[in-house]
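See structure below.
Coordinate-derived values only; no laboratory data. What you are looking at is a predicted structure, and each value in this text was computed from that prediction instead of being measured. Cβ coordinates were reconstructed from backbone atoms using ideal geometry, including for glycine residues, and neighbour counts include every protein chain displayed.
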Amino acid sequence: MENGSGRLQKLESRVFSGERLGEEEALFLATEVPTPLLVDMADRLRRELNGDRVFYNRNIHFEPTNQCLYDCLFCAFRRDVGTGPEKGGWLLGADDLLRRLEAFPKGTLTELHITGGVHPGRNLEWAESFLRTLRAARPELHLKAFTAVEIDYFARSSRTTVEEALARLKEAGLGSLPGGGAEIFAPEVRRRIAGGKAPAQRWIEVHRAAHRIGLPTNATMLYGHVESAAQRVDHLLRLRDLQEETGGFQAFVPLRYRNGNNRLSALPEISADEERRVFALSRLVLNNVRHLKVYWVMSGMERALGLLRCGGDDLDGTINDSTRIYSMAGGQEHPCCDEKGMRLAIEAAGRVPCERDSLYRVLER
Ligand code: SF4
């Protein structure tokens, strides 16, 4: 019978030659390989894929509304539809964003990252007009907008297909999709925590359709709540399979569950060791997705820099205190990092800072 180290060597050579791991093999990595070995393997694969560069971009987030039809148990951000500012609700449009952008003249940002709650008054026509207004006013900015859950709702509320919805949004200025809304694909977990929103198959369908019309996307996994190791592996392998088919994922973003102000708050957050294991596992299983993003807003910059040693190569982004999704759940209160600070932090981690655009092209300035 093969011993553990022989098995690990075989797995490693398969991962490094770009092969797909089977479910059992990935589960072996997830549960039986000691953290230092797992992290070391992921770090070496990261170096092979991306060298010592750490990518970053200059962006802000915009969350048009936190009023949402759905009611995900882990969400500290949402409010009931119609909730006013006195109870923490907001409903903003393109004009509000354009006013905010007055503080960011041309040349200071490259990307707008736009996601929010699913509001019944906002359909595909609203989304098209929103994007058109932004594109007309700030054509130099890449619009990375709307999760698969939002796209699903736009399509259904305007009685059309996701293919048609995405084609119209692309025409209106959409440049790429963020990866949110994936949570955990396993139906028993998704049903329990994700408030009845689009099932896994629909999330995958939206991303497949986006890739087919040349819209790149990211993918996420919300981990560290009620899911098992096997369910994480299942999630990663489903993403890997779609990437094999389309090649349209630019980056994978593991998102650690934070337990502030939501209905799963009784759950403890997972340990730093477990977090490192999830990043390393993600790097190894998704060996066909080029970038592993460390979303520093989720964990704070210090912890994020540590995750760059677990396979991460992308430290999104300057943010400028423009997102509330994680801060409302216990993440960094006012996430903001200017470009100089970003570069210094990356250098302090022993890596080479590299500004990218939204399509991961290196920007020389
Ligand atoms: S996670 Fe998204 S879809 Fe779920 S309740 Fe929060 S805003 Fe709504």
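Assorted remarks:
- Short-range pairs are left out: with C-alpha atoms under 8 Å and at least six residues apart, the relative contact order of the chain is 24 percent.
- Estimated vicinal HN-Hα couplings, Hz - the range 32-47 in sequence order (Karplus 6.51, -1.76, 1.60; Gly, Pro = x): 10, 7, x, 3, x, 5, 5, 5, 5, 5, 5, 5, 5, 5, 4, 5
- Here ARG192 and LEU359 are evaluated by their C-beta separation; at R0 = 51 Å the FRET efficiency comes out at 0.90.
- Among the GluC sites (Glu not before Pro) in the range 136-169, those located in a DSSP loop and surrounded by at most 13 other Cβ atoms within 10 Å of their own Cβ are GLU140.
- Whole-Hz Karplus values for the range 50-57 come out as 10, x, 9, 6, 10, 7, 8, 9 Hz, taken residue by residue from phi with 6.51 cos²θ - 1.76 cosθ + 1.60 and θ = phi - 60°; glycine and proline positions read x.
- The stretch between GLU302 and ASN288 holds 2.3 nm of extra length on full extension. This uses 0.36 nm per residue minus the Cα-Cα distance.
- Greater than 32 Å apart at Cα, pairs in LYS197/LYS293; LYS87/LYS144; LYS10/LYS144; LYS106/LYS293; LYS197/LYS340; LYS87/LYS170: LYS10/LYS144; LYS197/LYS340; LYS87/LYS170
- Candidates per trypsin sites (Lys or Arg not before Pro) in the range 67-157, loop by DSSP, up to 12 other Cβ within 10 Å: LYS106
- Label-point gap, in nm, between LEU92 and VAL352 - each point 7 angstrom along Cα→Cβ: 3.7 nm
- Taking amide H positions as modeled 1.01 Å from N, with prolines and chain starts lacking one, the residues under 5 Å from HIS142 and 5 or more places away or on another chain are GLU111, LEU112.
- Charged-residue dipole, Cβ positions (Lys, Arg, Asp, Glu), the chain about Cα centre, Debye nearest 20: 400 debye
- Residues whose placed amide H lies under 5 Å from that of LEU255, excluding near-sequence neighbours: MET221, LEU222, TYR223
- Cleavage-rule hits (GluC sites (Glu not before Pro)) in the range 71-122: DSSP loop, at most 13 neighbouring Cβ within 10 angstrom: GLU102
- The dipole here belongs to the range 15-167: it is taken about the Cα centre, uses +1 on the Cβ of Lys and Arg and -1 on the Cβ of Asp and Glu, and is about 740 debye.
- Relative frequency of Cα-Cα separations exceeding 32 Å in the chain, percent: 28 percent
- Protection-proxy order for peptides 39-51, 294-306, each taking the mean of Cβ atoms within 10 Å per residue, highest first: 294-306, 39-51
- Amide H to amide H, with H built 1.01 Å from N, ARG79 comes under 5 Å of GLN67, CYS68, counting only residues 5 or more places away or on other chains.
- Placing R0 at 35 angstrom, the Cβ-Cβ distance between CYS336 and SER13 gives a FRET efficiency of 0.25 after rounding to 0.05.
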